[in-house]
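S.K.: Take this structure, written in structure tokens, and hold onto it; I'll ask about it next.
The values are calculated or read from the model by the stated rules, or taken from the named source; none is laboratory data. Predicted model, so just to flag it, every value in this text is computed and none were measured. Reconstructed Cβ throughout: ideal geometry from the backbone, glycine too, with neighbour counts over all protein chains shown.
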Amino acid sequence: MASFMIRRIASAILVLALVSLMSFALIWLVPGDTAAAFLDASATPEQVAALRTALGLDKALPLQMAEWYGRVLSGDLGQSVLLNRSVAGALLERLPVTLSLATFALAIAIALGVPAGVAAAVFHNRWPDQLFMTTALLGLSVPDFWLGLVMVLVFAVSLGWLPSGGFTAFGTDPLGWLKTVILPAFTLGLVQVGFIARMARASMLETLNQDFVRTANAKGLSRAYIVLRHGLPNAMIPILTVIGIVAGALLGGAVIIEQVFSIPGIGRLIVGAIASRDFPVLQGGLLFLAVVYLLINLIVDLLYAVVDPRVRLS
Amino acid sequence: MKKHSILGHALAAIMLLSMQAGASAQQKGGDVVIGISQAPPSLDAQITSAQASRNVTLHVFETLYARDENAKPVPELAEGVTISPDGKTYVFPIRKGVKFHNGKELDANDVVASLERYRKIGASLALVSAIDSIKATGPHEVTITLKQVQATFLDNLSSPRAPLAIYPASEAAKEAGKIEIIGTGPYKFVEYKPDSHVKLARFDGYVPNPNGTGRDGFAGKKEAFLDTVTFRFMPEGGARTAALESGQIQFNETADGPTAKRLGSDPRFSIHKVVPFGLQVIKFNHAEAPGNDKNFRLAVQAALNMDDIMSIAYSDINQMDPSWLYPGAPFYSTAGAAKYNKADLAEAKALLAKSSYKGGKTTFIVDNLRANVDTATVLQERLKEIGITVDISIADWPTVSKIGFTPQGWTFWTHGFGIEPFEGPASVMAPWVNGLSQQAKDPVIDELAASLGSEMDEAKRKALFERFQTHMYDNAVAMKAGNYGVFQISTAKLKNFKPYRIPRMWGVWLER
């Protein structure tokens with residue numbers, strides 16, 4: 001276990017170094033600069049030049065990179081150009097928003113996706129299978145921003161049950177938080193349900209066709225017991241892998257959903273940073289997302305051993 | 001019996017009248033949430049010229065002079081001004097008894113510190129470039145000395161572009177973006193949640209300008225009735241509409257034509273047209289062929305049908321107008337109009353034949369705003385008819401503006417001028433001085449702009465602006481396509497709203 005963790009941490013550091021290098025390179029390949037984005041069309045070249053100097057954009061690229069790495073290694077993600085605050089502060093402020101949204105969405109995706117997939121496998125080639133899999137395909141095909149707008153029209157505009165957007169922090173008002181997060185979380189989660197359901201069905205089908213299931217059947221164990229006690233734990237490894245991927249996708253998908261529902265999360269921060277070429281925020285944001293992805297992967301790997309004792313982490 | 005009946009009728013009439021009066025009476029209280037499309041980059045009013053910031057900061061901060069309904073500068077925190085005979089010294093008596101939101105009373109030191117700060121870090125330094133010195137010459141008197149005569153000085157002081165907001169001296173000592181948001185305006189700052197909202201509350205200690213008789217542009221009498229005003233940042237147009245329909249917001253800063261039409265027939269909403277909000281300009285790059293050829297530019301100008309451009313780019317809300325200023329502006333002129341919107345392909349072909357353009361591609365750089373892309377597309381189709389090939393290059397604003405600020409890589413560039421024509425002739429001319437926008441110096445414009453700056457006689461200044469406008473058309477320095485507007489939609493309960501360049505939340509109240 002210890003050697004596994006050491007190896008994972010070492011590889012994570014390497015991945016983060018590569019991600020930050022690539023994000024730096026990509027960002028600096030993007031045309032346009034912060035000074036031009038910040039000023040309007042009637043700005044004088046002198047104003048643009050003065051702003052570029054003030055922002056340090058006129059320094060040589062290797063120097064800017066060296067400064068950036070130096071700061072990051074000492075735990076400082078730098079200062080946002082436009083927000084007048086630290087990048088770390090801006091990210092941490094929005095982290096609870098995006099995390100609560102993505103976690104809620106993930107819970108919905110798992111709660112609906114796994115049972116639907118298992119039921120489809122159990123009733124293989126019968127009507128529940130066809131119903132769940134057609135619905136899953138439909139869910140996978142629907143763009144989340146469109147689904148979001150439909151949800152708003154139905155539940156906020158027509159029925160008036162839920163707010164159309166905005167965000168209330170859980171700490172301020174738990175009920176208010178639930179009301180603001182439920183529509184975007186369902187929008188995000190529903191699109192992923194199909195993904196999880198299809199994988200759960202395939203994995204479950206494979207498990208149900210194995211010898212030990214046949215033996216359990218022969219022993220006269222109940223169908224439900226076989227599915228839940230023998231089938232599901234054995235089918236969980238591929239499902240967990242997909243859940244890990246979905247968790248990452250939810251963080252990415254939140255970028256668009258946060259725009260549609262006007263939610264002040266990390267997604268909106270990054271979109272805003274792209275539009276205004278606020279490079280420190282963009283670099284910090286990408287690095288931060290990479291860390292989150294790595295953590296999710298690590299958690300999934302650890303869970304493999306939990307659900308299947310045959311997996312050895314050493 | 002008869003007596004009773006008369007009395008009864010009279011009473012009923014009085015009751016009815018009082019009910020009607022009650023229905024339209026101003027009343028304090030209520031909260032309004034405004035959906036705005038962009039988040040303000042900063043609430044430090046002096047350091048940003050973003051519309052999103054103006055929407056908020058002009059409720060919080062005030063200036064020495066402000067623009068009235070027709071964009072004329074009138075005193076706001078100043079009582080007036082005395083200008084020395086040589087036109088270089090301005091003495092401003094400052095209004096007494098004006099309170100900042102922190103309770104401090106406004107005095108000359110606050111004004112001096114605020115203007116000095118603007119001279120260092122203001123977003124439109126050109127507004128204060130003529131100032132030589134700013135001194136407190138009394139507890140409530142400020143004297144500004146100019147290096148040279150500047151006829152537009154009061155226009156500059158009152159510009160809402162990046163306002164010369166007056167802060168308490170203690171705040172004015174701080175760096176850009178580090179201030180506490182404390183002004184003298186009718187609303188005080190409550191909170192700013194990044195990517196979410198800015199909340200303001202009525203400032204009950206507000207001291208209105210005694211000379212103001214009613215709502216008047218950014219000046220006049222600013223009576224706040226609402227308890228709070230919240231600006232919520234909602235980039236998605238559909239989300240703003242949904243929020244308005246579901247009662248989450250009470251005001252949508254900008255909506256598209258079809259939405260305005262649909263909600264216009266719903267008694268729960270009021271549609272407000274802000275026309276003109278901007279003018280659509282199509283720039284030429286004079287530093288590169290073929291944009292450096294006057295006949296080429298004139299050919300393009302002659303060929304274009306501006307009606308087509310505006311009706312597609314800004315369907316439902318546009319105005320055909322040759323002037324580079326807005327209707328109603330003191331210097332409004334139609335000089336040069338004969339060359340506007342000619343849509344004459346024969347003349348265009350003749351002019352093109354005289355030019356050095358012998359085929360080849362031209363590049364139209366355009367940002368991804370739909371109306372700008374439409375403008376480029378209509379121009380591209382039109383110019384095809386006279387044999388000019390236009391490549392449209394679309395990118396986001398930072399990319400496009402970076403190219404457009406240089407003399408290479410583009411022939412045409414389009415975007416709106418919103419605040420410049422509102423500010424007046426000097427601001428409209430400024431983007432063409434020193435070849436700033438067209439990338440090659442134009443001595444005629446440079447001279448006209450310099451003369452306008454030093455000419456104190458209004459009739460002569462008007463003549464100078466007319467010469468500028470004629471020059472723009474005679475040389476096709478750049479083209480104006482037309483004026484565009486925006487639709488604003490509010491709940492019908494918001495009473496006495498009058499559209500202006502920002503959604504002013506003074507003089508309005510909520511009907512219960």
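S.K.: List the pairs whose first member sits in region B:135-147 and is of a type in the set (Asp, Glu), whose second member is modelled with pLDDT of 95 or more and not in a strand (DSSP E or B), and whose Cβ atoms are under 6 Å apart, counting only residues at least 6 apart or on separate chains?
M.R.: Listed pairs, sorted by first residue: B:Glu141/B:Ala108.
S.K.: Need a quick list: helices (runs of 4 or more DSSP H) entirely within region B:287-397 having at least 1 residues that are in contact (Cβ under 8 Å) with a residue 12 or more places away in the chain and in contact with a strand residue (DSSP E or B) (Cβ under 9 Å, 6 or more places away or on another chain).
M.R.: Filter on region B:287-397 gives B:294-303, B:306-313, B:370-384.
S.K.: Here's another thing I want to ask about it. Go through region A:134-161 and report how many residues are surrounded by fewer than 22 Cβ atoms within 10 Å (Cβ to Cβ), at negative phi and either over 24 Å from the mean Cα position of the chain (by Cα) or hydroxyl-bearing (Ser, Thr, Tyr) (or both).
M.R.: 10
S.K.: Does region B:229-248 contain at least one residue that is part of a strand (DSSP E or B), within 14 Å of another protein chain (Cβ to nearest Cβ) and of a type in the set (Phe, Trp, Tyr)?
M.R.: Yes, some residue in region B:229-248 is part of a strand (DSSP E or B), within 14 Å of another protein chain (Cβ to nearest Cβ) and of a type in the set (Phe, Trp, Tyr).
S.K.: Take the conditions of a type in the set (Val, Ile, Thr), out of contact with any Cys (no Cβ under 7 Å at 6 or more places or on another chain), closer than 28 Å to A:Leu140 by Cβ and modelled with pLDDT of 80 or more and apply them to A:Thr215. Does it pass?
M.R.: Working: of a type in the set (Val, Ile, Thr): yes; out of contact with any Cys (no Cβ under 7 Å at 6 or more places or on another chain): yes; closer than 28 Å to A:Leu140 by Cβ: no; modelled with pLDDT of 80 or more: yes.
Judged against the criteria, A:Thr215 is not a match.
S.K.: I'd like to verify a number: residues in region A:228-262 that are surrounded by fewer than 24 Cβ atoms within 10 Å (Cβ to Cβ) and within 14 Å of chain B (Cβ to nearest Cβ), how many?
M.R.: Residues that pass the stated criteria total 3.
S.K.: Could you please give the count of residues in region A:241-289 that are in contact with a strand residue (DSSP E or B) (Cβ under 8 Å, 6 or more places away or on another chain) and either assigned to a helix (DSSP H, G or I) or closer than 21 Å to B:Ala395 by Cα (or both)? Step through it out loud before you land on a result.
M.R.: So in region A:241-289, the residues in contact with a strand residue (DSSP E or B) (Cβ under 8 Å, 6 or more places away or on another chain) come out as A:262, A:264, A:280.
Restricting the remaining residues to those that are either assigned to a helix (DSSP H, G or I) or closer than 21 Å to B:Ala395 by Cα (or both) gives A:280.
Qualifying residue count for the region: 1.
S.K.: Further question on the same structure: So B:Arg67 fits all but one of (1) away from every other protein chain (no Cβ under 11 Å); (2) surrounded by fewer than 24 Cβ atoms within 10 Å (Cβ to Cβ); (3) under 13 Å from the mean Cα position of the chain (by Cα); (4) not hydrophobic (A, V, I, L, M, F, W, C); what number is the exception?
M.R.: Result: B:Arg67 passes all but (2).
S.K.: Just for region B:468-496: of the residues that are assigned to a strand (DSSP E or B) and among the polar types (S, T, N, Q), which one is nearest to B:Ala343 (Cα to Cα)? Quick ask: steps written out before the conclusion?
M.R.: Within region B:468-496, the first condition is being assigned to a strand (DSSP E or B), and the residues that meet it are B:478-491, B:494-495.
Those still in the list that are among the polar types (S, T, N, Q) too: B:483, B:488, B:490-491.
Values: B:Asn483: 18, B:Gln488: 32, B:Ser490: 38, B:Thr491: 42 Å.
Restricting to residues being assigned to a strand (DSSP E or B) and among the polar types (S, T, N, Q), the top hit is B:Asn483.
S.K.: Between a residue in region A:80-92 that is more than 10 Å from every other protein chain (Cβ to nearest Cβ) and farther than 14 Å from A:Arg277 by Cα and any residue that is surrounded by fewer than 24 Cβ atoms within 10 Å (Cβ to Cβ) and among the aromatic types (Phe, Trp, Tyr), which pairs come within a Cβ distance under 8 Å, given they are 6 or more apart or on different chains?
M.R.: A:Leu91/A:Phe288
S.K.: I need the full set of residues from region B:181-203 which are more than 14 Å from chain A (Cβ to nearest Cβ) and over 22 Å from the mean Cα position of the chain (by Cα), in order please.
M.R.: Going through region B:181-203, the residues more than 14 Å from chain A (Cβ to nearest Cβ) turn out to be B:182-190, B:200-203.
Selection gives B:Ile182, B:Lys188, B:Phe189, B:Val190, B:Ala201, B:Arg202, B:Phe203.
S.K.: While we're here: Is it true that B:Ser427 is touching a helix residue (DSSP H, G or I) at 6+ places or on another chain (Cβ under 8 Å), part of a loop (DSSP other than H, G, I, E, B) and surrounded by 21 or more Cβ atoms within 10 Å (Cβ to Cβ)?
M.R.: Working: touching a helix residue (DSSP H, G or I) at 6+ places or on another chain (Cβ under 8 Å): yes; part of a loop (DSSP other than H, G, I, E, B): no; surrounded by 21 or more Cβ atoms within 10 Å (Cβ to Cβ): yes.
When the stated conditions are applied, B:Ser427 does not pass them.
S.K.: Something else: Does any residue in region A:145-164 that is under 17 Å from A:Val255 (Cβ atoms) and more than 9 Å from chain B (Cβ to nearest Cβ) come within less than 9 Å, Cβ to Cβ, of a residue that is polar (S, T, N, Q) and assigned to a helix (DSSP H, G or I) six or more places away or on a different chain, and which pairs are these?
M.R.: The qualifying pairs are A:Leu147/A:Thr187.
S.K.: While we're looking at this one, here's another question. Kindly indicate the residue of region B:378-401 that is buried (at least 20 other Cβ atoms within 10 Å of the Cβ) and within 14 Å of chain A (Cβ to nearest Cβ) and also modelled with the lowest pLDDT among those meeting that condition.
M.R.: B:Pro398
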